[in-house]
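Only the coordinates and a few stated rules stand behind these numbers; no lab work does. Given the structure is predicted, the values throughout are model-derived calculations rather than measurements. Heads up, the Cβs are rebuilt from the backbone with ideal geometry, glycines too, and the neighbour counts pull from every protein chain shown.
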Amino acid sequence: MSTTTVVWPYKMFGDTETESGSATILTPDAPDVLDLGVRAGSLDRLTGATIAVSSDVARSRAAEVGHRVSLVLGDGARVDAEVVAVYARGLGFGTVVLSHDLAAGHTTTGLDQSILVRTDGTATARQALTAFAASHPGLALEDTNPPSGNGLRDAPPEVWINLAVIVVLLVYLLLSIANKLVAATAQRRVELGALRLIGTTPRQIRAMMRREAAVTAATALTTALLLSAVPLALLGQGFLGHPWPAGPAWLLPALALTVTVTAFLTVELPTRQALRTPPADAVRAQ
């Protein structure tokens, strides 16, 4: 297995467009060690001048199984290849998979970058692979699916940067909403004072404000769910093949808890502060 760069000229609305991207080089034995999510055709036919393409470009560039496409390989060579398979996992393997025969002689070193081996997971198989790697200088043995429970600890730095930016933006947005709720509640001191003058007890006022906070939180959560459901479903279907997004399930209850706690605190605390003011003074302050 190795990778290279290809340029794909194709027709778009009658004009010729070109796109350069990374391509994976595989042999017909790839299905034994890799799962590309083949939707049509078979990778077993990946010999000679053949390629496999992702389902996205297969639809947009009329490159279904049996069609022939023209490509420019990394060394500038122009080739005409037949599409023998269409796969769904283009995010992981790129838009094009070249047969090993087609890419032979057109890469910088002419050597494979990696050899994929599937074993039964026993210690004997591990020892045999270790001995094989030791007998070939420069060959490193690496587990492609290491067991890890560290979660984000194994994530690359760019993931942490993106996560930090998102968290900062969300915290800023949360503080802005909290400030508006506090200000809106504090401006109701005259209303609360008038309610107390006509006989409403502080306990009743607090109960009323808590119900308003509950309505605010429920409205916010319902609106957020309705507005995000369609975009998330479309993105999930486009990138993952199913309409529900990927990610830890605890994010949803955590988000709901954060919104609910924010709504209650930003209403409860200003209400308690307003109730400390004598009702007559609150009404006169108007």
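At a glance:
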read-out: Sum of side-chain charges, Arg203 neighbourhood, beta-carbon under 14 Å (Lys, Arg +1; Asp, Glu -1); value: +4
read-out: Shape of the range 26-178, Cα gyration tensor, a/c cut at 1.5; value: oblate
read-out: For the range 57-65, Karplus couplings with θ = phi - 60° (6.51, -1.76, 1.60), whole Hz, Gly/Pro x; value: 6, 4, 6, 6, 10, 6, 10, 6, 4
read-out: In sequence order, calculated HN-Hα J values of the range 277-283 (Karplus, 6.51, -1.76, 1.60; Hz; x Gly/Pro); value: 7, x, x, 5, 5, 5, 6
read-out: Residue-wise HN-Hα coupling along the range 47-54, computed from phi with Karplus coefficients 6.51, -1.76, 1.60 (Hz; x: Gly, Pro); value: 9, x, 7, 9, 9, 10, 10, 6
read-out: Coordinate range along principal axes, alpha carbons of the chain, Å, largest first; value: 91, 57, 28
read-out: Cα long-axis angle, helix 157-186 against the chain (0 to 90 degrees, to the nearest 10); value: 20 degrees
read-out: Separation in nanometres of the label points that stand 7 Å from Cα toward Cβ, at Val215 and Arg126; value: 6.2 nm
read-out: Cα centre as origin, Lys/Arg/Asp/Glu Cβ charges: the chain dipole, Debye; value: 2340 debye
read-out: Cβ-derived FRET efficiency at R0 30 Å, Ser22 paired with Arg68, nearest 0.05; value: 0.85
read-out: Ala133 paired with Leu163, simple spin-label distance in nm, labels 7 Å along Cα-to-beta-carbon; value: 2.7 nm
read-out: Using alpha-carbon coordinates, inclination of helix 251-275 to the longest axis of the chain, degrees; value: 20 degrees
